[in-house]
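Colleague: Here it is, the structure, as structure tokens.
Any read-out appearing in this document is the output of simple, stated calculations on the displayed coordinates, not a laboratory observation. Bear in mind that the values here come from a model prediction, so they are computed numbers and not experimental data. Heads up, the Cβs are rebuilt from the backbone with ideal geometry, glycines too, and the neighbour counts pull from every protein chain shown.
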Amino acid sequence: KAGVTQTPRYLIKTRGQQVTLSCSPISGHRSVSWYQQTPGQGLQFLFEYFSETQRNKGNFPGRFSGRQFSNSRSEMNVSTLELGDSALYLCASASGGGRAGEQYFGPGTRLTVT
Amino acid sequence: DAKTTQPPSMDCAEGRAANLPCNHSTISGNEYVYWYRQIHSQGPQYIIHGLKNNETNEMASLIITEDRKSSTLILPHATLRDTAVYYCIVRVDYNNDMRFGAGTRLTVKP
């Protein structure tokens, strides 16, 4: 089975721009979660999508949004970029549903805002 | 989700067992203990999880105390490739919102 893929792997943007990141989960997985990782704050949960619906949300401003498509692929959008948005953005897929299970992480997209 | 406490760093000699502790004194009855690790610049990797019984897989063993207030991840024969940050997380089974702490930076030395 192919793992979780994220595109692009690296991205450089300037303040005020917007960016869209993409995540393709493991085949058959219906849950996609997004995380932001910075040296100062560590790994922080952004949101989770399951069957095209946002199921959980972390404490991030409304500039951070996401969506999930019918094939479970997910996109994350950040509008009006700030320097502090520079981070590694990770997505993780899981089978979802109501059972305990592990999440599988992608390699991440490293976003640099200048 | 319950908060966890881990030592910030640990060293281990190559070939020896690495025992990584985690305190989760406020864990609820329906919360599982999960362990992940992150090797530099890669996404976190799932290791093992458990509810109250000890668990073992090809990567590690998980020992959970009877009162479930703490656990220990055991890597039986650590190798240099096990050098990573190890995260202990507790969460309910239906919630994929995982709250990572600072983790333990394990350094395996030759």
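Colleague: Restricting the calculation to Cα positions, tell me the Rg (one decimal) and the Dmax (whole number) of segment A:1-66 in Å.
Modeller: According to the Cα coordinates of segment A:1-66, Rg and Dmax are 13.1, 38 Å.
Colleague: Compute all pairwise cysteine Cβ distances in chain B, then list the cysteines with no distance under 4.7 Å to another cysteine.
Modeller: That list is B:12.
Colleague: Out of every Cα pair in chain B, what percent are spaced more than 19 Å from each other?
Modeller: Details: 2316 of 5995 pairs.
Distances greater than 19 Å cover 39 percent of the Cα pairs.
Colleague: Please list log₁₀ I(q)/I(0) at q = 0.22 Å⁻¹ for segment A:21-100, using the Debye equation with identical point scatterers on the alpha-carbon positions.
Modeller: Debye curve over Cα of segment A:21-100, log10 I(q)/I(0) at q = 0.22 Å⁻¹: -1.00.
Colleague: Using a 10 Å cut-off around each Cβ of peptide B:32-45, what is the average number of partner chain Cβ atoms that fall inside? Could the numbers behind the result be given before it?
Modeller: Numbers: counts 2, 0, 4, 1, 5, 0, 4, 0, 0, 4, 6, 16, 9, 3.
That average works out to 4.
Colleague: Then there is this: Percent relative contact order of chain B, based on C-alpha pairs within less than 8 angstrom and at least six residues apart?
Modeller: It comes to 37 percent, rounded to a whole number.
Colleague: Let me ask another. Take every Cα pair under 8 Å in segment A:15-86 that's 6+ residues apart, average their separations, divide by the length, and report that relative contact order as a whole percent.
Modeller: On the way: 135 pairs, mean separation 27.6, N = 72.
Relative CO of segment A:15-86 lands at 38 percent.
Colleague: Considering only chain B, what is the antiparallel percent among its DSSP beta bridges, to the nearest 5?
Modeller: Details: 29 of 34 bridges.
If we restrict to bridges inside chain B, about 85 percent are antiparallel.
Colleague: Now a separate question. Using a Förster distance of 25 Å, how high is the FRET efficiency between residue A:53 and residue B:92, based on the Cβ-Cβ distance and rounded to 0.05?
Modeller: 0.85
Colleague: Take peptides A:79-86, A:34-41, A:104-111 and line them up by average Cβ neighbours within 10 Å, highest first, as a rough protection proxy.
Modeller: Details: A:79-86: 14.1, A:34-41: 15.9, A:104-111: 20.2.
Answer by packing, highest mean first, reads A:104-111, A:34-41, A:79-86.
Colleague: With θ set to phi - 60°, apply the Karplus curve 6.51 cos²θ - 1.76 cosθ + 1.60 along segment A:63-69 and write out the HN-Hα couplings as whole Hz, x wherever there is a Gly or Pro.
Modeller: Once θ is set to phi - 60°, the couplings for segment A:63-69 become 5, 9, 9, x, 7, 10, 9 Hz.
Colleague: Now a separate question. Going by amide H atoms built from the backbone, whose H comes under 5 Å of the H on residue B:83, apart from near neighbours?
Modeller: Result for residue B:83 returns B:108.
Colleague: Quantify how strongly other chains surround peptide A:102-110 by giving the mean number of their Cβ atoms within 10 Å of each of its Cβ atoms. Spell out each step's value before the answer.
Modeller: Details: counts 8, 7, 4, 7, 2, 3, 4, 0, 1.
If you average over the peptide's residues, the count of other-chain Cβ atoms is 4.
Colleague: Given that compact globular proteins tend to follow 2.2 N^0.38 Å, what is the ratio of the alpha-carbon Rg of the protein assembly as shown to that value? Please report the intermediate quantities before stating the final value.
Modeller: Values: Rg = 17.6 Å, N = 224, 2.2 N^0.38 = 17.2 Å.
In units of the globular-protein estimate, the protein assembly as shown measures up at 1.02.
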